[in-house]
């Protein structure tokens, strides 16, 4: 081919290649996937909420509604009877006091230990961290005998101290705050150190305010765990004045085994505080869980 033929060929415009039509089903596939995923999530949420809904409905059913000529309709007298007969006022006070005490101590110990593991350099740091992680897989029930002996020697049996001090520190809380502290830029601490701040001032004035999502997460985990705990009050206390909500609920269940409406009302009474607390802090809780998984 000579140069003339090449120039002629180059002057001929190329015909556009027709694009293959995209099937309409492929265009709609993202919306279809989103719809199916939403349906699955709603189905899962419905299965989880179904037992709670049944408990709530039964709690409003009159106690003597079964049988011919029984009472019909809805009533709140079940809650009044359950509250008074179960003495939940004292139980709420004890559970709140114990949960707040344990949560406060865990936040303090977890913040100090977590910051030390995240920022300080010392010999045996990895060994200490490994020991803390090992405590996460050791059940509390295995340690109950030595803890009981220590509490007895300290004259703390049948006191609030027996319900607070055994869980004053948590390996989970230490690891959680350590992970979150490592996501905070170290330049902020260096700038504070140049201004003359010491380690405790940096921790209290800079690190803890920035770690609010992790602190809320630890608060929710600890408070809900202590509120739902039955083992410590059952083992370390015998005085009726120290009954917690779960212990009062267990005793209430023994007294009213055949009265389902009263039992369900008592369960709702014991559950509503922790559900409301979780709903108040769920945004910070999700943020704290997401942030602490960014760096290992």
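The values are calculated or read from the model by the stated rules, or taken from the named source; none is laboratory data. What you see is a predicted model, and the numbers here were worked out from it, not measured in a lab. A quick note on method: Cβ atoms are made from the backbone with ideal geometry, for glycine too, and the neighbour counts reach across all protein chains shown.
Residues in segment 187-198 that are out of contact with any helix residue (DSSP H, G or I) (no Cβ under 8 Å at 6 or more places or on another chain) and assigned to a helix (DSSP H, G or I): 187, 190, 191, 194. Filtering 183, 159 for residues that are touching a helix residue (DSSP H, G or I) at 6+ places or on another chain (Cβ under 7 Å) and surrounded by 12 or more Cβ atoms within 10 Å (Cβ to Cβ) leaves a single hit, 183. Would you confirm whether or not segment 243-252 contains a residue that is modelled with pLDDT of 90 or more, under 26 Å from residue 151 (Cα atoms) and either out of contact with any helix residue (DSSP H, G or I) (no Cβ under 9 Å at 6 or more places or on another chain) or not in a helix (DSSP H, G or I) (or both)? Yes; the residues of segment 243-252 include at least one that is modelled with pLDDT of 90 or more, under 26 Å from residue 151 (Cα atoms) and either out of contact with any helix residue (DSSP H, G or I) (no Cβ under 9 Å at 6 or more places or on another chain) or not in a helix (DSSP H, G or I) (or both).
Inside segment 153-186, residues that are under 25 Å from residue 126 (Cβ atoms), part of a helix (DSSP H, G or I) and free of Cβ contacts under 8 Å to residues at least 40 places away in the same chain make up a count of 1.
Give 83, 74, 42 a once-over and let me know the one that is modelled with pLDDT of 55 or more and in a loop (DSSP other than H, G, I, E, B). The conditions single out 74. If residue 257 satisfies every condition in (1) at pLDDT 85 or above; (2) over 30 Å from residue 148 (Cα atoms); (3) outside any helix (DSSP H, G or I) but one, which is the exception? In the conditions (1) at pLDDT 85 or above; (2) over 30 Å from residue 148 (Cα atoms); (3) outside any helix (DSSP H, G or I), residue 257 misses (1) alone.
Scanning segment 186-204 for residues that are more than 17 Å from residue 114 (Cβ to Cβ) and surrounded by 16 or more Cβ atoms within 10 Å (Cβ to Cβ) gives 192, 197.
Listed here are the residues, each with its yes/no results for (1) free of Cβ contacts under 8 Å to residues at least 60 places away in the same chain; (2) out of contact with any strand residue (DSSP E or B) (no Cβ under 8 Å at 6 or more places or on another chain); (3) farther than 20 Å from residue 156 by Cβ; (4) surrounded by 22 or more Cβ atoms within 10 Å (Cβ to Cβ).
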{"site": "228", "(1), (2), (3), (4)": "yes, yes, yes, no"}
{"site": "235", "(1), (2), (3), (4)": "no, yes, no, no"}
{"site": "247", "(1), (2), (3), (4)": "no, yes, no, no"}
{"site": "251", "(1), (2), (3), (4)": "no, yes, yes, no"}
{"site": "260", "(1), (2), (3), (4)": "no, yes, yes, no"}
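Does segment 268-296 hold any residues that are farther than 12 Å from residue 223 by Cβ, surrounded by 14 or more Cβ atoms within 10 Å (Cβ to Cβ) and modelled with pLDDT of 80 or more, and which are they? Correct list: 268, 269, 270, 271.
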